[in-house]
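A.B. asks: Sharing a structure here in structure tokens format.
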Amino acid sequence: MKKLLIAVFFIGILGSLFLRFDPMGWRPFRSHSNSELQLLLKEYEKRLDALYTEHERLSLAPIDTNEIGAEGKRARDLLSISEMIQSYKYQADMITRERTLRQTLGRYFLGSFKPDNLPLILSALSAILFFLIIINERLRRPYPIFTGKVEESVKLEQYISEADLPRKIETGFSSKKEAEQWLKKDPNLFCEYCGGKMRGTSIGTIQQITFYKKVPPGLKDMRVKLGTYWYARPSPVLTCTSCGKEIHR
Ligand SMILES: [Zn+2]
């Protein structure tokens, strides 16, 4: 869950940057207000109307046959008007897209945010949730986790018969982290008399043991692996740093 929230947080930030720089030209966003957009759209529509009228007038006007090149000139004029019409149409289209986008955002009460800020809302929500989860974990923890040192002994290899494995696994952990957590959650790390911290040279020792299948006499060792486990041994002597109480185990 925490990893997911961290991922969402960064997706939000990346999304916001993406929309801000808009490398694909997806975002029809300008910093105009709604009424400015409305005016702009009206203005474009007016110009388009004028251009259409001009286009029609020019194409219907009789050609002066005495003038040399009059036909070519008219064709060029008509082409340039058509190009202007295309360009205004494109602009009007972009404005319409922007207005639709704003209206959609407004419907979800997000109208006051710029589109490139929207993913940041996602980031903020995931950050808040992340801290709520952490605070909740802190509050629910029955006793604070001891942050002392865990010692690690050299790795061991053992040859055992397969039948012995279940008994060996019983006291082991499948990961180093689990073994460490087990040591750190030891209630003996806090004095039962005064509540102070109980300390030893360390809070315990962990060791990795890899089990291999016992080699029958006379056969070559094929290193048949049965499994790797972590073992935790709490510190044999702990002394309370406040009242001096000692425990031996
Ligand atoms: Zn004590």
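The values are calculated or read from the model by the stated rules, or taken from the named source; none is laboratory data. Quick caveat: nothing in here was measured; it's all calculated off a predicted structure. Glycine gets a Cβ as well: all are built from the backbone with ideal geometry, and neighbour counts include every protein chain shown.
A.B. asks: Determine whether ASP77 is in contact with a helix residue (DSSP H, G or I) (Cβ under 9 Å, 6 or more places away or on another chain), closer than 30 Å to ALA61 by Cα, of a type outside the set (Lys, Arg) and part of a helix (DSSP H, G or I).
C.D. replies: In short, yes.
Table: residues versus (1) in the same structural domain as TYR229 (by TED's automatic domain parsing); (2) modelled with pLDDT under 90.
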residue	(1), (2)
ARG76	no, no
GLY111	no, yes
LEU129	no, no
GLU162	yes, no
PRO166	yes, no
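A.B. asks: Of all residues in the stretch 173-199, count the ones that are more than 16 Å from the ligand (Cβ to nearest atom) and on the phi > 0 side of the Ramachandran plot. Walk me through how you get there before you give the answer.
C.D. replies: Going residue by residue through the stretch 173-199, those that are more than 16 Å from the ligand (Cβ to nearest atom) are 173-185.
Filter once more, so that each one left must be on the phi > 0 side of the Ramachandran plot: none.
So the answer is 0.
A.B. asks: Name every residue in the stretch 200-249 that is of a type in the set (A, V, I, L, M) and either within 16 Å of the ligand (Cβ to nearest atom) or part of a loop (DSSP other than H, G, I, E, B) (or both), in order of residue number.
C.D. replies: ILE203, VAL215, LEU219, MET222, VAL224, VAL237, LEU238, ILE247
Per-residue answers, yes or no, for (1) in contact (Cβ under 8 Å) with a residue 12 or more places away in the chain; (2) closer than 30 Å to LEU118 by Cα; (3) under 44 Å from the mean Cα position of the chain (by Cα):
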residue: VAL8; (1), (2), (3): yes, yes, yes
residue: LEU41; (1), (2), (3): yes, yes, yes
residue: GLU67; (1), (2), (3): no, no, no
residue: MET84; (1), (2), (3): yes, no, no
residue: ARG102; (1), (2), (3): yes, yes, yes
